[in-house]
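The values are calculated or read from the model by the stated rules, or taken from the named source; none is laboratory data. Computed from a predicted structure; not experimentally measured. Positions of Cβ are generated from backbone atoms using ideal geometry, with glycine treated the same way; all protein chains shown enter the neighbour counts.
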Amino acid sequence: MRNMERFLKDIEKRAFRMAQLATKSEADALDIVQEAMLKLVTKYGHTDAQEWKPLFLKILENRILDWHRKEQLKSKLFFWRKPDSQMDKPVPEQAEAEDHQFDPAGQLLSEQMGQQFLACIEALPIKQQQCFLLRCWEGLSISETASVMGINHNSVKSHYFRANEKLRQLQQTLEDEQ
């Protein structure tokens, strides 16, 4: 069970960030990650440790998609309510603070660029967003990403390509505005 604890501790921050980007809510992201972790432990705790990462990411992906489906249903049922478009305040990254503790200008620039990049990722459609995060942040292969997302290899390639193109366009737009 110690191996499972180490695995969950290692992946929790990245999983939380993925869920937070998808939901734009700390509370919802935390719920999604906790549910995914609980399901992994209860249903797949007995499996080989090498299978945990793809299983966990598949569970997380499904939880995020379930959350989006529920939100779509809520927006149809409660159409008169305004959606909350403000993302909760992000969790501060201790490692980032340590990297730039002697360079305030560098730290400010790094934080601004990080916020712009996250804003670009948030602007992507959910499938492109998840594909990009699984491929870039988690380092999954095309076939692993296809398995986690439940789509074919060509769809992964298309979503990933489109995500990269949109991120380049959004980044260029942000740079032009400055």
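Numbers at a glance
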| read-out | value |
| --- | --- |
| Residue count, the stretch 37-79 (criterion: modelled with pLDDT under 90 and basic (K, R)) | 4 |
| For I32: the one exception among (1) surrounded by fewer than 17 Cβ atoms within 10 Å (Cβ to Cβ); (2) touching a helix residue (DSSP H, G or I) at 6+ places or on another chain (Cβ under 8 Å) | (1) |
| Some residue of the stretch 129-142 being part of a helix (DSSP H, G or I), in contact (Cβ under 8 Å) with a residue 12 or more places away in the chain, crowded, with 17+ Cβ neighbours inside 10 Å and of a type in the set (S, T, N, Q) | yes |
| Which listed residue, of Q178, Q171, Q112, Q128, is at pLDDT 75 or above, of a type in the set (S, T, N, Q) and outside the structural domain of D66 (by TED's automatic domain parsing) | Q128 |
| Test: residue in the stretch 121-133 that is among the aromatic types (F, W, Y) and more than 21 Å from K53 (Cβ to Cβ) | no |
| Residues being over 16 Å from the mean Cα position of the chain (by Cα), in a helix (DSSP H, G or I) and of a type outside the set (A, V, I, L, M, F, W, C) - total across the stretch 145-165 | 8 |
